[in-house]
1. So how far apart, in nm, are the two label points at LEU267 and VAL118 if each is 7 Å from Cα heading toward Cβ?
2. What list of ³J(HN,Hα) values in whole Hz, one per residue of region 263-268 in order, does the Karplus curve 6.51 cos²θ - 1.76 cosθ + 1.60 (θ = phi - 60°) give from phi, with Gly and Pro shown as x?
3. Quick check: from the Cα gyration tensor, does region 54-127 come out rounded (a/c under 1.5), prolate or oblate?
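Readers should treat all values here as calculations from the given coordinates under stated rules, not as data from a laboratory. Everything numeric in this text was worked out from a predicted model, so none of it was measured. Cβ placement follows ideal geometry from the backbone for every residue including glycine, while neighbour counts extend to all protein chains displayed.
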Amino acid sequence: MERSSKSYLTMAAALTLGSALYAMNYIWARYVHPIASGDPNMGMMVFVAQASFFTWLTLFIFLRGGPKQKPSLAHWGAMAFNGASGPVILTLILKGSILVTPSLSSIIVVSNVLIIAVIARAIGRKRFVGAQVPALIGGFIGVGWISASRGGFHGEAVGVGLLAIAAVLIAAATLTIEKPIKQLGWAPVTRWVSAVAVVASYGGLAALGEIRILSLSQTALSAVMGVFSLGLAGILFSIGLFRLGSADTSVFKLLIPFFSLIYGAALFGEIPDLGSFVAGLMVVGALAVYYHSGASRPETMMAATSAESLDHEGEKRAADAVG
């Protein structure tokens, strides 16, 4: 893919910003203090619903373009699962990030790439080439090291468990949404999935009789998360897929744990111990090797980050849709 140095540097700066915005999701968790009916758990559900709404609003405003073909029942089923699982994943990440340092939280969640690769190989969607197998093994060892260290020795087992479940759900959501994205196009699928997430969130709250708006400060926080850390970050990465290609774009996601480490240290004074730091480097290094070993790779964060499966025409439609 031809690109001038100036355009590449501009896109690289945009993707670096996208990574920095994504990493903020692990920081916002520490500032979420929603209360609904005196129940913090219920308040978290309301917060996630509000963030999902602002994400949908952002995508609805900035994404354009219709589907490349009429959606089938299978397409709608995959989008429904992806959208409904989104609020659950976000809730797990927020709760887990309260208990585990931001940098390690992001590494555990980013490890869903490894899970996706293994499942995709098991169901015959891909094959491993080059150094991908040892990279996967090293990555899983690193994740296991972090999980055992934080969960067994630092009393953060609950947080590690929540983040691990989130990683598995992200993997399942990504694998199920691959075909709709490839066949229908990135922009419409992402809009529809985000709409389902809003309906699922508020539908659940309605069933529990908890439709409400949180305090002004918590509503503002959910707006910042939904618009910038989820909506804008996803749009930046979708443009990157077209401008730079999937391999180059994927590398920038490895900056998410780096930014999470910086944020955690600067805001909370939280620095991982040496063992966790080394394990984190193993995971990030394994992902870097895996990305550059020559095979196609699935992406990692709901529909907006599942665009790896787009063909060239689909990537162009996505980029045109956002400007």
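1. Reported label-point gap for LEU267 and VAL118 is 3.1 nm.
2. 3J(HN,Hα) across region 263-268, in whole Hz: 4, x, 5, 6, 8, 10.
3. Working: a/c = 2.33, a/b = 1.24, b/c = 1.88.
Because a/c hits 1.5 or more and a/b fails to exceed b/c, region 54-127 counts as oblate.
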